Amino acid sequence: MSATTWGWLVLAFPLAGTVVCGLLHRMPGRQPLVGWIGSLMVGLSFASGIAMFIQLMGRSPEDRHLISNAFDYAHSAGISVKLGILVDPLSVFMVLFVTGVSFLIHVYSVAYMKSDEGYARFFSYLNFFVLSMLLLVLASNFVLLIVGWAFVGAASYLLIAFWYRRDTASRAGVKALVMNVIGDVGLVLGAFLLFQHTGALDFDGVFAKTTHAASVNQGWLVAACLMLLVGAFAKSAQIPLQTWLPDAMEGPTPVSALIHAATMVTAGVYLIGRTHPLFEQAPAAADVAAILGTATLLIAASIALVQTDLKRVIAYSTMSQIGYMVVGVSVFAYSAGFFHMMTHAFFKALLFMAAGSVISAMGGEQNMDRMGGFRRAMPFTFITFTFGALALAGLFPFSGIFSKDAILGFEFDRGGLYAVLAVLGYVGSFLTAFYAFRMVFRTFFGEVAPEADSLERGELAHGEHRNPATGEEEDTGVGFPGPDHQIAEREAPMKVAMAPLAILAFVSGIVGLPGITSWLQKFLDPVFADSKLAGHEPTVSAEWIGIGVGTVLAVAGIGLAFYLYEMRAGTTLKLRDRFRPLHDFLFNKWYFDELYDRGVVAPMRAFGGFGRRVIETDVIQGVVTGGATRAVGAGTAIARAVQTGYLRAYALVLLLGVGALLLYFLIASS
């Protein structure tokens with residue numbers, strides 16, 4: 001079969017999984033059958049992606065750009081939009097890591113979610129999420145891209161609000177949906193501007209015509225690229241549209257892993273990379289993206305320093321690491337940006353899975369203040385979490401250092417503004433190493449938590465089921481988490497999913513060792529061959545120096561965390577009390593939520609209240625509808641008064657009418 005045929009199968013399998021898992025919702029004894037069916041469908045999609053990769057590699061580099069159209073998706077006013085997929089190295093790369101990591105998350109979920117009453121619904125949603133992301137990355141035109149984009153937003157709402165009886169989960173789902181709709185509007189407006197000036201909606205047509213229709217930094221093109229960035233930043237949780245991501249932790253832990261590692265948040269990075277000819281023609285917009293990406297990675301890292309919710313710390317690390325990717329593709333270091341996307345998918349999925357194991361051991365508690373001493377009770381979880389933390393921290397020879405330094409080294413080589421951004425990126429690296437091992441030391445070292453002590457005796461804590469965000473007691477029916485908890489040490493599917501990710505977090509940097517291997521870069525080269533900076537790379541010695549600097553910063557960050565949380569335990573509490581305003585500022589996430597509540601939500605709520613009280617009640621109901629009602633009422637009252645039933649009264653009315661008509665004609669004829 002051809003590469004494009006395999007591409008259609010990549011989409012077909014998760015579509016089938018969505019339908020089948022949904023239909024099996026009420027089948028008796030469906031667990032864990034539904035979970036394995038959902039996992040199998042994504043696994044087959046991954047296998048199809050491998051076949052697509054093999055077929056594509058059998059072609060010469062210049063021929064690795066294939067489009068397959070199924071039918072006309074829309075045809076109006078001479079404009080034809082095809083339901084078509086684009087198979088090229090970038091889309092194949094995205095398919096492989098999305099389906100590969102998603103398959104492992106599905107396998108993990110088979111055990112992790114097995115006591116949940118919404119089990120079949122969960123796997124149907126998971127397959128739909130994967131389908132939506134695959135449609136997004138395989139789309140050959142802006143219309144189909146927007147469809148996939150909207151589907152991803154809808155799937156994120158369904159999964160974040162999966163435990164729909166939790167008010168916190170429902171609000172988090174709505175918040176994510178609203179933020180993503182803002183991004184959808186930006187993407188649609190950007191696509192409309194491009195269509196208005198190029199007359200095309202397919203990627204090839206838009207890119208080819210833009211070089212003729214626009215000069216460098218021409219106003220409409222910069223505006224279109226900025227609108228695309230609105231869409232990218234909403235999906236990838238970059239400032240100023242980042243506030244939904246920490247709240248997304250209200251979803252089940254596998255959902256957090258899926259959103260943060262393999263789907264959704266990487267969509268914005270993909271969009272910038274896919275539309276790179278536009279951003280190279282509008283470098284002003286690309287610079288805006290690079291600056292905001294750098295700001296995001298620093299702000300998110302600073303917030304992660306003081307958070308106590310284990311999943312939220314990992315969530316802020318996602319924001320920060322996506323910031324590095326955005327910087328990479330925005331400074332035109334495309335291969336480096338996607339290299340970091342790949343390594344990040346491995347160690348971030350691993351961190352969430354290991355965190356889910358710890359949270360289960362805590363009976364659903366996510367607060368690190370309650371944790372400690374789990375390294376002996378949960379050795380497998382401890383080792384895998386530490387591997388993920390080492391990769392996140394950027395310690396040599398783990399994968400994170402190679403991909404992150406490839407971005408920073410490229411920035412330094414470009415000089416000027418980009419060198420300044422690179423310095424800030426290294427500051428972010430130090431902060432990352434510190435908070436990564438803050439999680440390790442607070443969770444697995446220190447004073448042994450009662451739950452860890454019980455687990456060492458073979459007793460897994462369950463306790464009363466409470467919402468970790470509010471502490472409110474919950475039942476365990478549909479709409480709430482199931483009554484049981486599963487940990488990796490006792491569940492083979494969880495181990496099977498986590499072990500490969502731990503290995504990949506360690507070895508995946510091999511695809512981009514400076515001066516030794518450049519497999520990923522060579523694979524992606526045909527996509528970015530038209531780039532003005534194609535082939536522009538820092539020297540090998542400069543890259544290794546950067547890796548050395550990054551490793552030193554990682555060691556320093558880990559060492560500082562060890563000093564504060566192991567050697568001088570309790571010091572951070574004194575620092576918190578001494579610098580309370582700074583701590584509160586960071587703990588409250590730079591007050592972005594409060595700012596938006598006061599600057600946007602409150603005014604809009606007031607405007608809505610004004611509309612309801614004044615416009616709707618007084619004007620519409622009082623004047624328009626009410627006035628008409630009163631006029632009709634007055635007319636009917638007169639009619640009732642006239643309808644007396646006496647013949648003489650009717651004769652008088654008739655005479656008065658005839659007299660009025662005669663008077664009118666006499667006046668009109670004079």
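The values are calculated or read from the model by the stated rules, or taken from the named source; none is laboratory data. This is a predicted model, so every value here is computed, not measured. Here the Cβ positions follow ideal geometry from the backbone for every residue, glycine too, while neighbour counts run over all protein chains shown.
Within 21 Å of residue 348 (Cβ to Cβ), of a type in the set (A, V, I, L, M) and touching a residue at least 40 places away in the same chain (Cβ under 8 Å): is that true of residue 469 in this structure?
Numbers: within 21 Å of residue 348 (Cβ to Cβ): no; of a type in the set (A, V, I, L, M): yes; touching a residue at least 40 places away in the same chain (Cβ under 8 Å): yes.
When the stated conditions are applied, residue 469 does not pass them.
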Scope the stretch 356-376; condition buried (at least 24 other Cβ atoms within 10 Å of the Cβ) and in a helix (DSSP H, G or I); matching residues
356, 357, 358, 360, 361, 374
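Consider residue 47 carefully, then state whether it is modelled with pLDDT of 90 or more, surrounded by fewer than 20 Cβ atoms within 10 Å (Cβ to Cβ) and not acidic (Asp, Glu).
Working: modelled with pLDDT of 90 or more: yes; surrounded by fewer than 20 Cβ atoms within 10 Å (Cβ to Cβ): yes; not acidic (Asp, Glu): yes.
For residue 47, the condition - modelled with pLDDT of 90 or more, surrounded by fewer than 20 Cβ atoms within 10 Å (Cβ to Cβ) and not acidic (Asp, Glu) - is met.
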Over the stretch 492-525, the set of residues within 18 Å of residue 93 (Cβ to Cβ) and basic (Lys, Arg) is 522
Are any residues in the stretch 108-121 surrounded by fewer than 24 Cβ atoms within 10 Å (Cβ to Cβ) and either under 18 Å from residue 15 (Cα atoms) or within 20 Å of the chain's Cα centre (by Cα) (or both), and if so, which ones?
121
Conditions (1) over 25 Å from residue 527 (Cα atoms); (2) surrounded by fewer than 17 Cβ atoms within 10 Å (Cβ to Cβ); number of the one not met by residue 168:
(2)
Selection from the stretch 196-205 of residues in a helix (DSSP H, G or I) and either farther than 18 Å from residue 230 by Cβ or modelled with pLDDT of 90 or more (or both) yields 197, 198, 203, 204, 205
Counting only residues that are crowded, with 19+ Cβ neighbours inside 10 Å and within 15 Å of residue 148 (Cα to Cα), the stretch 187-200 contains a total of 2
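Within the stretch 168-177, how many residues turn out to be more than 11 Å from the chain's Cα centre (by Cα) and in contact (Cβ under 8 Å) with a residue 24 or more places away in the chain?
Step one: of the stretch 168-177, the residues more than 11 Å from the chain's Cα centre (by Cα) are 168-175.
From the residues that got through so far, the ones that are in contact (Cβ under 8 Å) with a residue 24 or more places away in the chain too are 168-169, 171-173, 175.
Number satisfying all stated conditions: 6.
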With the structure loaded, tell me whether residue 387 is of a type in the set (A, V, I, L, M, F, W, C), on the phi < 0 side of the Ramachandran plot and not in a helix (DSSP H, G or I) or whether it fails that test.
no
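So which residues in the stretch 114-136 are more than 23 Å from residue 146 (Cβ to Cβ) and either hydrophobic (A, V, I, L, M, F, W, C) or outside the structural domain of residue 492 (by TED's automatic domain parsing) (or both), if there are any at all? Show your work before the answer.
Filtering the stretch 114-136 for residues more than 23 Å from residue 146 (Cβ to Cβ) gives 114-124.
Result: 120, 122, 123.
Residue check: is residue 70 surrounded by fewer than 19 Cβ atoms within 10 Å (Cβ to Cβ) and closer than 29 Å to residue 501 by Cβ? Don't jump to the end; show me each part of the working.
Numbers: surrounded by fewer than 19 Cβ atoms within 10 Å (Cβ to Cβ): yes; closer than 29 Å to residue 501 by Cβ: no.
Answer is no for this residue.
Test residue 142 against the stated conditions and say whether it is among the aromatic types (Phe, Trp, Tyr), within 30 Å of residue 477 (Cα to Cα) and buried (at least 21 other Cβ atoms within 10 Å of the Cβ).
no
Counting just the residues of the stretch 115-169 that are basic (Lys, Arg) and in contact with a helix residue (DSSP H, G or I) (Cβ under 8 Å, 6 or more places away or on another chain), which one comes out modelled with the lowest pLDDT?
Let us first name the residues in the stretch 115-169 that are basic (Lys, Arg), namely 121, 165-166.
Now restrict to residues that are in contact with a helix residue (DSSP H, G or I) (Cβ under 8 Å, 6 or more places away or on another chain): 121, 166.
Working: 121: 89, 166: 86.
That would be 166.
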Search result, residues across the stretch 551-584 that are of a type in the set (D, E, K, R) and either at positive phi or not in a helix (DSSP H, G or I) (or both)
568
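One line per residue, one yes/no per condition, for (1) out of contact with any helix residue (DSSP H, G or I) (no Cβ under 6 Å at 6 or more places or on another chain); (2) within 22 Å of residue 327 (Cα to Cα); (3) not aliphatic (A, V, I, L, M):
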| site | (1), (2), (3) |
| --- | --- |
| 174 | yes, no, no |
| 183 | no, yes, yes |
| 190 | no, yes, yes |
| 196 | yes, no, yes |
| 205 | yes, no, yes |
| 229 | no, yes, no |
| 238 | no, yes, yes |
In the stretch 562-589, how many are touching a His at 6+ places or on another chain (Cβ under 9 Å) and of a type outside the set (Lys, Arg)?
2
Residues that are in contact with a helix residue (DSSP H, G or I) (Cβ under 8 Å, 6 or more places away or on another chain), closer than 12 Å to residue 502 by Cβ and of a type in the set (Val, Ile, Thr): does the stretch 348-358 have at least one?
no
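Could you list, in sequence order, all residues of the stretch 206-228 that are surrounded by fewer than 17 Cβ atoms within 10 Å (Cβ to Cβ) and part of a helix (DSSP H, G or I)? Please lay out each step first, then the result.
First, pick out the residues of the stretch 206-228 that are surrounded by fewer than 17 Cβ atoms within 10 Å (Cβ to Cβ): 208-209, 211-212, 215-220, 223.
208, 209, 211, 212, 219, 220, 223, listed by residue number.
Any idea which of 288, 327, 255 is within 27 Å of residue 103 (Cβ to Cβ) and either outside any helix (DSSP H, G or I) or among the aliphatic types (A, V, I, L, M) (or both)? Even if it seems obvious, please write down each step before you answer.
Working: 288 fails: within 27 Å of residue 103 (Cβ to Cβ); 327 fails: within 27 Å of residue 103 (Cβ to Cβ).
Every option except 255 fails the conditions.
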Name the residue that is modelled with the lowest pLDDT, counting only residues in the stretch 1-44 that are buried (at least 17 other Cβ atoms within 10 Å of the Cβ) and of a type in the set (S, T, N, Q).
31
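Criterion first (outside any loop (DSSP other than H, G, I, E, B) and either surrounded by fewer than 24 Cβ atoms within 10 Å (Cβ to Cβ) or touching a Leu at 6+ places or on another chain (Cβ under 8 Å) (or both)) does residue 98 satisfy it? Before the answer, list the steps.
Working: outside any loop (DSSP other than H, G, I, E, B): yes; either surrounded by fewer than 24 Cβ atoms within 10 Å (Cβ to Cβ) or touching a Leu at 6+ places or on another chain (Cβ under 8 Å) (or both): yes.
The answer is yes for residue 98.
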